[in-house]
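Shown next, in structure tokens, is the structure this report addresses.
The values are calculated or read from the model by the stated rules, or taken from the named source; none is laboratory data. Since the model is a prediction, treat every value here as computed from it, not as a measurement. FYI the Cβ positions are ideal-geometry reconstructions off the backbone, even for glycines, and counts take in every protein chain you see. For accessibility, only protein heavy atoms count, side chains too; no ligands or nucleic acids. Shrake-Rupley method; radii C 1.70, N 1.55, O 1.52, S 1.80 Å.
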Amino acid sequence: MSSSNIRDLQRELENKANDLSKLQKDIAKNHQVRKKYTIQLGENELVLKELDLLKEDANVYKLIGPVLVKQDLAEANANVRKRIEYISAELKRLDSTVQDLEEKQNSKKETLLDWPLTLQHIAGPMFYLG
Amino acid sequence: MASSKSASGAMTLERMSVEQLKAVKEQADMEVNLLQDSLTNIGTATTRLELATTALNDLSLRSHGSKILVPLTASLYVPATLQDPHHVLVDIGTGYFVEKTMPEGKDYCERKINLLKSNFDQLVEVASKKKNVADDAGIILQAKLKQLASSS
């Protein structure tokens, strides 16, 4: 095995490792976003429950910046419902992307798992130089 | 029934390798910590709602035209008179506020506190179960490590 060959192998391994860590970062980011949306969904559902309990003539205000603006109960209700719908759709989308990423990650992991052995076998200490 | 179930759980833990056990323990510890954090958060939220309830009770005892000091910042208060002791504005989340009468406001706080309490109880149960798993994994891990040390 020539040294240029070994270097090629090393480079390939590095690339694969970088890809894998990038994927892992993406997955972690996805989880964070998911968490945020889940919290928002919960809060919105609580608000909707509260709005449903109100009487028809209840005064509802929406905080827009520093101002409280009076809003129709029906309008507020529709707004919250729409937001729940949007967040649910977004969560579903995130679910499918995370599934995708995890599949990719697993296949990358498998290919990488076979690597160290072969490399160590042929390159010996060279492997650790990179 | 429950004892046989936990015994089979311990059995699967005993069959695991040291690395697997470490991973299981780490995972369980992390989850326990997360649950503990959630419990603390629920505790603070409950305290705040209880404070709000006391404030409402206090407010409902005042009559129209009472002198009050309104906090503009944490350290600046301005004198004012109480216009309407019968209505309160309740923040129900995500920027929505609802005008409620005094009893409705108290009812709101009570409902929220009850909701939080039931969540708290559920979480305590989950957390103690997780803690048991973590402890079991820790004990078996220790035993395995001792075994390894003595055999080598």
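The criterion of at least 3 residues that are open to solvent by 30 Å² or more (accessible area, probe 1.4 Å) and out of contact with any Gly (no Cβ under 9 Å at 6 or more places or on another chain) is met by the following strands (runs of 3 or more DSSP E) wholly inside region B:77-146: B:77-81, B:96-101. Applying the criterion of being charged (D, E, K, R) and surrounded by fewer than 14 Cβ atoms within 10 Å (Cβ to Cβ) to the residues of region A:31-42, the residue that is nearest to A:GLN99 (Cα to Cα) is A:LYS35.
I'm checking my understanding of the structure. Among residues of region A:65-114 that are among the hydrophobic types (A, V, I, L, M, F, W, C) and not in a helix (DSSP H, G or I), which one is surrounded by the fewest Cβ atoms within 10 Å (Cβ to Cβ)? Before the answer, list the steps.
Applying the first criterion (among the hydrophobic types (A, V, I, L, M, F, W, C)) to region A:65-114 yields A:67-69, A:73-74, A:76, A:78, A:80, A:84, A:87, A:89, A:91, A:94, A:98, A:101, A:112-113.
This time we only want the ones that are not in a helix (DSSP H, G or I), so: A:67-69.
Details: A:VAL67: 8, A:LEU68: 14, A:VAL69: 12.
Restricting to residues being among the hydrophobic types (A, V, I, L, M, F, W, C) and not in a helix (DSSP H, G or I), the top hit is A:VAL67.
Every test in (1) open to solvent by 100 Å² or more (accessible area, probe 1.4 Å); (2) part of a helix (DSSP H, G or I); (3) more than 11 Å from chain B (Cβ to nearest Cβ) is passed by A:ASP26 save one, and that test is (1).
For region B:24-43, check the following and say yes or no: at least one residue is surrounded by fewer than 16 Cβ atoms within 10 Å (Cβ to Cβ), free of Cβ contacts under 8 Å to residues at least 40 places away in the same chain and either within 26 Å of A:GLY65 (Cα to Cα) or among the basic types (Lys, Arg) (or both). Taking every residue of region B:24-43 in turn, none turns out to be surrounded by fewer than 16 Cβ atoms within 10 Å (Cβ to Cβ), free of Cβ contacts under 8 Å to residues at least 40 places away in the same chain and either within 26 Å of A:GLY65 (Cα to Cα) or among the basic types (Lys, Arg) (or both).
Based on what the data block shows, is A:VAL80 within 10 Å of chain B (Cβ to nearest Cβ) and among the β-branched types (Val, Ile, Thr)?
Working: within 10 Å of chain B (Cβ to nearest Cβ): yes; among the β-branched types (Val, Ile, Thr): yes.
Yes; evaluated as a whole, the condition is true for this residue.
Looking only at residues that are open to solvent by 90 Å² or more (accessible area, probe 1.4 Å) and more than 33 Å from the chain's Cα centre (by Cα) in region A:44-57, which one is farthest from the other protein chains (Cβ to nearest Cβ)? Filtering first and then ranking leaves A:GLU56.
Confirm whether A:ARG7 is more than 30 Å from B:ILE113 (Cβ to Cβ), in a helix (DSSP H, G or I) and more than 10 Å from chain B (Cβ to nearest Cβ). Spelling it out, A:ARG7 is indeed more than 30 Å from B:ILE113 (Cβ to Cβ), in a helix (DSSP H, G or I) and more than 10 Å from chain B (Cβ to nearest Cβ). Apart from one condition, B:LEU72 fits all of (1) under 27 Å from the mean Cα position of the chain (by Cα); (2) within 14 Å of chain A (Cβ to nearest Cβ); the exception is (1). Residues that are open to solvent by 80 Å² or more (accessible area, probe 1.4 Å) and assigned to a loop (DSSP other than H, G, I, E, B) within region B:59-76 comprise B:ARG62, B:HIS64, B:LEU72, B:ALA74, B:SER75, B:LEU76, listed in sequence order. Within region B:8-22, the residues that satisfy the criterion of being at pLDDT 85 or above and open to solvent by 60 Å² or more (accessible area, probe 1.4 Å) are B:GLU19, B:GLN20, B:LYS22.
Pairs linking a residue in region A:58-73 that is under 19 Å from B:GLY105 (Cα atoms) and more than 9 Å from chain B (Cβ to nearest Cβ) to a residue that is of a type in the set (D, E, K, R) and not in a loop (DSSP other than H, G, I, E, B), with Cβ atoms under 9 Å and 6 or more positions apart or on different chains, are A:LYS70/A:LYS62.
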